[in-house]
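Worksheet: the structure to be examined is printed underneath.
The values are calculated or read from the model by the stated rules, or taken from the named source; none is laboratory data. Keep in mind the model is a prediction, meaning the values are calculated, not measured. Cβ placement follows ideal geometry from the backbone for every residue including glycine, while neighbour counts extend to all protein chains displayed. Please note that ligands, DNA and RNA were not included when accessible areas were found on the heavy atoms of the full protein model with its side chains. Shrake-Rupley method; radii C 1.70, N 1.55, O 1.52, S 1.80 Å.
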Amino acid sequence: YGEESDTENIDLKALTAVLTDAETGRVLYDKNADAPMAMASTTKIMTCLVILENAELDEVVTVSDYAASMPDVQLNAVSGDAFYIEDLLYALMLESHNDVAVALAEHVGGSEKDFSEMMNCRAKEMGCTNTKFVTANGLDAENHYTTARDLAQITIEALKNEIFLKIIQTSEYSFENISGTR
């Protein structure tokens, strides 16, 4: 206590990293923390948070042709399938389903593009100045990036949401579509 730890000798293989105290926001360690990087499925942290802040868990989402066309990893939802948001959030966060991310984005934002703008606005509110969302699922897209520092801030914000915490602390979850056929 009271002494700074020796971080110069850390042999971290990651290109970028940040270790942050979630309660205070204090950065304890960083390596290239402000370098823009592709964020892949960590995008779904913000997707989940924006859904939780803008929709009710019992709303029904109907899967579009576009959402159903997303590549693996997927729920294999079929166009026209209907699910409760709560169930889809578990599929989003526990299995990282790309089709689910787009179905949720379309339901809340009207389109994936408009939902991405909601994500960008929320990121700016958090002080994330080096983040740009283009997709809801994190599939590679031009100008879709974040930094380790911004991703830490997004995660800290998400962890404040009790439902987000409940979802990510769940080890398994089963559900079916609204009609009970799948």
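For the stretch 11-68, enumerate the residues that are acidic (Asp, Glu), under 17 Å from residue 154 (Cα atoms), touching a helix residue (DSSP H, G or I) at 6+ places or on another chain (Cβ under 8 Å) and assigned to a loop (DSSP other than H, G, I, E, B).
Hit for the stretch 11-68 is 34, nothing else.
Could you please find all residues in the stretch 50-67 being buried (at least 19 other Cβ atoms within 10 Å of the Cβ) and β-branched (Val, Ile, Thr)?
50, 51, 61, 63
Filter the stretch 116-172 down to the residues that are open to solvent by 80 Å² or more (accessible area, probe 1.4 Å) and under 18 Å from residue 98 (Cβ atoms), then identify the one that is nearest to the chain's Cα centre (by Cα).
Top of the filtered list is 140.
Conditions: (1) touching a residue at least 60 places away in the same chain (Cβ under 8 Å); (2) of a type in the set (D, E, K, R); (3) open to solvent by less than 60 Å² (accessible area, probe 1.4 Å). Residue 34 meets all but one. Number of the miss?
All conditions pass for residue 34, except number (3).
For the stretch 135-153, name all the residues that are without any contact (Cβ under 8 Å) to a residue 24 or more places away in the chain and of a type in the set (A, V, I, L, M).
Result: 141, single match.
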